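Before any comments, here is the structure.
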Amino acid sequence: MPQQEMIFSDYLRVIVKRKATVVFVTILVAICTYMYASRKEPLYMSTARIKIQRFQTFAQIFDEVMISSGDPLENYVHEIHGSKVLSTASAMLALKEPERPISTFEGMVIAERIPRTDLIDITVHGPNAESAKERCEAVIQAFQKIHEATISANALAEYENIQQSLESAIKELNEDEDNIRKELSNKTTTGFEKDQTELLITKLTDAQLKLHALQDTGNYTAEYPGIASLTQEINNIHEQLQNAQTQNAESETLIRNHEQKKTVLTGMITYLTQRLEEARIAITKKSERVSIVTEPSVGAMVTTAITYLTTVGALLGLMMGILLAFVAENLDASIRTLSEIEEIFQLHILGVIPHFSPHTPDVPIRPEGFWDRIKYSEAAIIWRALWKLITSEKRHANSQTAHKSNTLIVPFSSRSPATEGYRTIRTNLLLAAKNEKIGAILVTSAGPAEGKSTTIANLALAFAQAGKKTLLIGGNMRRPSLYRTFGLPRENGLSEILLGEISWHEAIKDHRDLALGEKADENLATTPGIENISFITCGGRTIQPAEWLAQPVFQTFIRECENEFDVILVDGTPILPVPDSIIMASAIGKVALVYQAGSTQRDSMLRAITLINNTGAQIAGLILNDLKASWGSTPDYYHYRGYYGRPEK
């Protein structure tokens with residue numbers, strides 16, 4: 001089934017329809033918010049701003065760059081939040097606030113660094129204005145105390161580390177010099193050793209000259225003792241020279257390594273000596289200082305006011321209520337609009353009967369004009385009713401309006417919207433019959449308590465007022481009510497006709513019986529058109545309705561009545577609980593279904609329509625009964641009915 005797009009009035013209709021849910025959720029959330037806000041302790045906030053000035057040498061800046069430990073100011077922000085600062089601040093406040101444990105104090109401090117500056121904003125909360133300020137001061141003092149102690153301890157530790165490193169470097173240099181002296185003392189490469197090397201070279205030269213002189217004569221061989229001794233001497237001198245050169249190279253290597261190490265250690269000693277002096281100065285002079293830029297302010301209340309919180313809660317509840325209203329509307333399986341009814345059931349709506357009561361005044365549902373809105377407002381109607389009660393006007397009023405029936409409105413309120421609704425149904429049925437005899441119509445419903453008997457009684461009176469010779473038959477022999485509506489005796493009715501005890505002519509009752517009946521004081525027998533209506537009650541005999549209605553006598557009875565009456569309205573039982581109306585529908589041939597919107601589920605109504613169609617009977621249409629005419633949901637034609645239903649001026 002195609003769904004129509006909702007417009008603004010549809011949304012308002014849903015909200016008004018589910019106003020109980022919306023109001024309940026709104027009030028519930030508002031009450032819960034108020035209780036929460038009432039129990040919440042007041043909270044105050046104190047703010048301050050501090051500045052951390054740093055005095056650093058070039059060496060300290062270089063060390064900080066080379067050995068980065070993050071942004072120190074960011075580290076200080078986390079230190080302010082730390083338990084060490086907060087516990088120290090709590091200890092400072094112990095005398096002023098002994099009942100406040102540290103755990104409640106820890107969640108009340110907020111520190112934030114202003115980007116690209118050395119400023120830090122500190123916010124501290126407290127139970128009152130003075131306490132918040134005192135806590136803010138305590139946090140700043142605790143941070144200053146811990147920060148100064150940390151800086152001093154770090155400076156002292158750095159001095160001791162540098163002093164220890166300097167002593168180690170000096171000791172290492174001295175030990176290296178002692179070692180080189182000992183090693184060089186064991187070598188033979190001193191100033192005396194150089195002369196000995198030169199002497200060996202001279203001896204080598206002399207021996208080589210002598211050897212060459214003997215060899216040049218050509219008179220001696222290699223085995224000659226003189227040549228052999230010179231050769232041996234030369235070899236010995238070579239060996240001695242090689243040993244001397246090796247010793248000289250080792251000594252030079254030792255000396256070179258010593259000089260390099262000495263250079264490194266000397267530079268380190270010079271650097272550490274400078275750092276040691278700087279560290280000595282840092283112990284007595286602070287490298288960082290925490291100063292207060294903005295003093296802690298007097299605590300300002302930050303807890304939202306109860307009224308404001310309650311208002312916000314009510315608005316939130318209103319939104320939740322509206323949301324639940326739409327959820328409930330979407331989950332509602334009942335049918336809510338006229339177009340939806342016609343699309344689902346594929347039946348025309350003969351008319352719509354608004355909700356009415358015996359004392360419903362003849363007023364328009366939508367009054368026009370300023371005076372009409374005042375005259376027909378709910379307050380004016382209530383006031384007039386109270387005034388009549390006080391002045392006892394009700395006892396002396398016309399008995400025609402004083403003793404209205406609980407269900408009949410057509411004879412007593414000719415200008416009411418409900419009466420106009422019954423006239424609309426009458427008109428539609430006459431148009432469908434092309435102004436000929438309508439014949440017999442079974443008026444029934446899918447389930448019980450849908451206003452079927454009230455509808456058929458008023459509809460019969462509407463036909464009678466139109467001059468149509470009308471017969472009203474009480475076909476509900478299980479739980480009859482029509483005879484009570486008109487104050488007629490139950491006996492000698494339909495059950496006796498079906499049993500053959502009396503003829504249907506003998507069972508007919510008319511306006512003369514109304515004048516003698518139980519409700520004769522209502523003057524129903526003197527209302528216009530009442531002479532055109534006749535009645536056949538349900539009867540006083542207890543029979544099995546389904547079995548007797550299925551006999552040919554019932555259909556014969558209906559056909560005979562159609563020959564003498566223009567309109568025959570048969571009050572039937574509900575379709576789904578019992579089979580009586582299904583049997584009567586097959587015999588009568590025409591059915592009008594009463595449907596109370598929002599009461600009967602669509603599946604039940606569809607089942608009832610299917611059962612009627614299976615009998616071959618024609619469904620004349622639907623009668624939408626007991627419509628609660630509220631703002632945003634009332635069909636537009638009620639406006640016109642109300643307009644033309646006003647008293648003439």
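Note on residue 531 and residue 603: the extension gain reaches 21.8 nm, defined as 0.36 nm multiplied by sequence separation minus the Cα-Cα distance.
Pairs from the list 51/145; 437/590; 437/509; 84/145; 40/84 with a Cα-Cα gap above 18 Å: 437/509; 40/84. A simple spin-label model places pseudo-atoms 7 Å from Cα toward Cβ; at residue 174 and residue 91 they are separated by 4.4 nm.
Each of residue 253 and residue 499 was given a label point 7 Å from its Cα along the Cα-to-Cβ line. The distance between the two points is 14.5 nm. A Förster distance of 56 Å, applied to the separation of the beta-carbon atoms of residue 427 and residue 27, puts the FRET efficiency at 0.75.
Rg ratio for segment 540-609: its Cα radius of gyration over 2.2 N^0.38 Å, N being its residue count, equals 1.25.
Extension gain for residue 145 to residue 240 (0.36 nm times residue separation, less C-alpha to C-alpha distance): 26.5 nm.
The amide H of residue 626, built 1.01 Å from its N in the peptide plane, has 353 as neighbours under 5 Å, considering only residues 5 or more places off or on other chains. Computed extension length for residue 339-residue 116: 73.4 nm, one decimal, from 0.36 nm per residue of separation with the Cα-Cα distance subtracted. Take the Cβ-Cβ distance between residue 516 and residue 330 as r, set R0 to 51 Å, and report the resulting FRET efficiency rounded to the nearest 0.05. The calculated FRET efficiency here is 0.40.
For the pair residue 553 and residue 228, label points projected 7 Å from Cα toward Cβ lie 17.6 nm apart. Averaged over residues, the count of other Cβ atoms within 10 Å places the peptides 415-424, 345-354, 538-547, 145-154 in the sequence 415-424, 345-354, 538-547, 145-154, highest first.
Counted by Cβ distance under 13 Å from residue 504, the other residues give a net charge of -4, where Lys and Arg count +1 and Asp and Glu count -1.
Every read-out reported here was derived from the displayed coordinates using simple, explicitly stated rules and does not represent laboratory data. None of these values were measured; they are calculated from a predicted model. Note that each Cβ is placed from the backbone with ideal geometry, even for glycine, and that neighbours are counted across all protein chains shown.
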